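First the structure, in the form of structure tokens, and then the observations on it.
The values are calculated or read from the model by the stated rules, or taken from the named source; none is laboratory data. Remember, predicted model here, so these are calculated numbers, not experimental data. Quick reminder, even Gly has a Cβ in these numbers, built from the backbone with ideal geometry, and neighbours come from all protein chains shown. Only protein heavy atoms, including side chains, enter the accessible area calculation; ligands, DNA and RNA are left aside. Shrake-Rupley method; radii C 1.70, N 1.55, O 1.52, S 1.80 Å.
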Amino acid sequence: MLDKPYCSATLIINRRIKFSQLVNPQNSFYLLKMKRLLLPFYLAITCCLSCHRPKVVYIQPLGHVEESTMNLVKAAVEKFYHYKCIVKPELSSTNDILADSKTRYEANRILSKFNSNENTLILTEQDIAVVNPERHSKEWGIFGLGYQPGTTCVVSVFRLKQNASIALFHDRLIKVCLHEIGHNFGLPHCTSGDTRCLMRDAKGSIKEVDQAQVFLCPQCRKQLCSGSGICL
């Protein structure tokens, strides 16, 4: 068994080619030979990038977050999406990401500030909100928000804890985190009508979150597999 993913680049690099034979302008097959020369290198580079692309989701606590909360989310993401999770050191909450009322944080500002090329789930215990024109609200409290597609999402435990036992809070938190990461992986809100699917639009209702399960419907599974190559 090979210790590392096989890559054909080492075989291609070792192949000796008389370059002078290829660059002779009088050779009518010059362009064809150049294509044949470059194509294996292109395929090899693509192979290497695919082999070594890390499947990691980083959990970024924003302000103090209980260690047990982060460990719960870490285990859930690894089990559901089969991505390794790494918890990063805590970052301080700053005034530039506050909503206009200065009483909670603006989710879009959080995403904009901490957007990264790495898959990142930002966890906070502070309340978060967005502008919601449909509700005529400048600060509509939400559970989470994520780019679709993208690499960054944010989830607040603030509203998930309200009127909930520890078991119910944990269940809510897992589903909301998997939901927002699903958006990052390219999944839109579910339109299958399956009330169990965690990608349904909660529309700000905690009852919708409670009704869902740690489950993706066949439609969302198919879309995730074809779009992001994550086949559950």
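Quick notes on this structure:
- Neighbour net charge for Met199 - beta-carbon separation under 11 angstrom, K R +1, D E -1: +1
- Inter-label distance, Leu91 to Asn163: 3.3 nm, where each label sits 7 Å from its Cα along the C-beta direction.
- Cα centroid of segment 92-156 to Cα centroid of segment 168-230, whole Å: 19
- Distance (nanometres) between label positions extended 7 Å along Cα→Cβ at Lys113 and Arg135: 2.2
- Residue-normalised accessible area of segment 86-232, expressed per residue, 1.4 Å probe, Å²: 51
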